Amino acid sequence: MKLILLGAPGSGKGTVSDALASEFKLKHISTGEICREEMAKNTAFGTEIKQYMDQGRLVPDELMIKAVDSTITGKEDYILDGFPRTIPQAEAIEKQKIDAVINLDVPEAEIIKRLSGRRMCSKCNAGYHINYFKPKKEGICDKCGSKLIQRPDDTPKIISKRFKDYNTKTKPLVEYYQKKKLLHTVDAAPPPEVVRKSVIGLVGKLNKK
Ligand code: AP5
């Protein structure tokens with residue numbers, strides 16, 4: 001299956017993608033993760049995108065489309081987390097024959113709580129939340145024992161810029177995929193285990209079709 005996960009910043013795309021990837025043996029392709037890794041490695045791409053990432057702005061389409069093109073071989077089953085985010089990006093992957101687009105619907109007030117409480121492992125990038133996904137030992141990653149940090153774009157000022165870009169550039173994709181009859185909207189406001197169950201149930205049904 002080839003799936004796309006749509007949703008506002010902090011709606012749970014990464015969390016849901018991890019669950020779907022392990023349940024259905026899909027490759028998890030997160031464009032945010034690709035960008036952060038390239039920045040950490042100081043590659044030419046990483047240096048070029050840093051100014052956009054630091055400001056919470058979208059990376060220009062031509063750069064992002066090139067990065068995704070070189071990641072997808074076309075033969076594997078995958079879940080795309082964070083791509084496409086604009087109509088030109090969606091048009092660029094038309095040839096991929098996407099099976100379904102899952103749209104995570106969460107009220108903005110809940111999202112603010114999620115983003116402000118999110119913590120990431122400084123080494124292996126595992127995700128946590130100070131209330132919803134607590135590590136066993138405060139501030140320490142369960143998986144590799146490294147220190148947990150707050151993502152630099154999870155500050156109130158940058159979060160509001162990310163929302164602005166989401167509302168103007170990404171939200172139109174809901175209608176775009178609705179017209180193509182690929183869109184499935186899931187109520188992603190409930191706790192993680194409830195969202196996980198409903199998304200796995202939905203994809204299980206789609207997989208049997
Ligand atoms: P990216 O990393 O994709 O950021 P984002 O879309 O803003 O999404 P997040 O990673 O913040 O949140 P999420 O929806 O994955 O939620 P999560 O599961 O972590 O992109 C970062 C930047 O890269 C962009 O701003 C842009 O600059 C650039 N970029 C990336 N792709 C691009 C593209 N295609 N084009 C241009 N630029 C691009 O959950 C959030 C928190 O909530 C966590 O703490 C989690 O534990 C918790 N949580 C999750 N689910 C639940 C639940 N059900 N209940 C309670 N808590 C929950």
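Each reported figure results from applying straightforward, stated rules to the coordinates on display, with no laboratory input. Quantities reported herein were computed from a predicted structural model and do not represent experimental measurements. Methodologically, a virtual Cβ is constructed for each residue, glycine included, from the backbone with ideal geometry; neighbour enumeration extends over all protein chains shown.
If residue 34 passes every condition in (1) within 11 Å of the ligand (Cβ to nearest atom); (2) within 22 Å of residue 87 (Cβ to Cβ); (3) surrounded by fewer than 19 Cβ atoms within 10 Å (Cβ to Cβ) but one, which one does it miss?
Status for residue 34: all satisfied but (3).
Condition check: in contact with a strand residue (DSSP E or B) (Cβ under 6 Å, 6 or more places away or on another chain), within 19 Å of residue 121 (Cα to Cα), part of a strand (DSSP E or B) and more than 7 Å from the ligand (Cβ to nearest atom). Does residue 29 satisfy that? It would help to see each step written out before you state the result.
Details: in contact with a strand residue (DSSP E or B) (Cβ under 6 Å, 6 or more places away or on another chain): yes; within 19 Å of residue 121 (Cα to Cα): yes; part of a strand (DSSP E or B): yes; more than 7 Å from the ligand (Cβ to nearest atom): yes.
Criteria met by residue 29.
Can you find, within the range 139-191, the residue that is surrounded by the most Cβ atoms within 10 Å (Cβ to Cβ) among those that are in a strand (DSSP E or B) and away from the ligand (no atom under 11 Å from the Cβ)? Write out each step before concluding.
We begin by selecting, within the range 139-191, every residue in a strand (DSSP E or B); these are 140, 147-149, 183-187.
With away from the ligand (no atom under 11 Å from the Cβ) added as a condition, the list becomes 140, 147, 149, 183-185.
Numbers: 140: 14, 147: 11, 149: 13, 183: 18, 184: 16, 185: 15.
If we take residues in the range 139-191 being in a strand (DSSP E or B) and away from the ligand (no atom under 11 Å from the Cβ), then 183 is surrounded by the most Cβ atoms within 10 Å (Cβ to Cβ).
Return yes when residue 47 is surrounded by fewer than 17 Cβ atoms within 10 Å (Cβ to Cβ), in a helix (DSSP H, G or I) and more than 12 Å from the ligand (Cβ to nearest atom) and no when it is not.
Working: surrounded by fewer than 17 Cβ atoms within 10 Å (Cβ to Cβ): yes; in a helix (DSSP H, G or I): yes; more than 12 Å from the ligand (Cβ to nearest atom): yes.
Yes.
For the range 86-132, name all the residues that are over 17 Å from the mean Cα position of the chain (by Cα) and aromatic (Phe, Trp, Tyr).
Across the range 86-132, the qualifying residue is only 132.
Looking at 140, 102, 93, 200 in this structure, which one is touching a Pro at 6+ places or on another chain (Cβ under 8 Å) and hydrophobic (A, V, I, L, M, F, W, C)? Before the answer, list the steps.
Values: 140 fails: touching a Pro at 6+ places or on another chain (Cβ under 8 Å); 102 fails: touching a Pro at 6+ places or on another chain (Cβ under 8 Å); 200 fails: touching a Pro at 6+ places or on another chain (Cβ under 8 Å).
Answer to the selection: 93.
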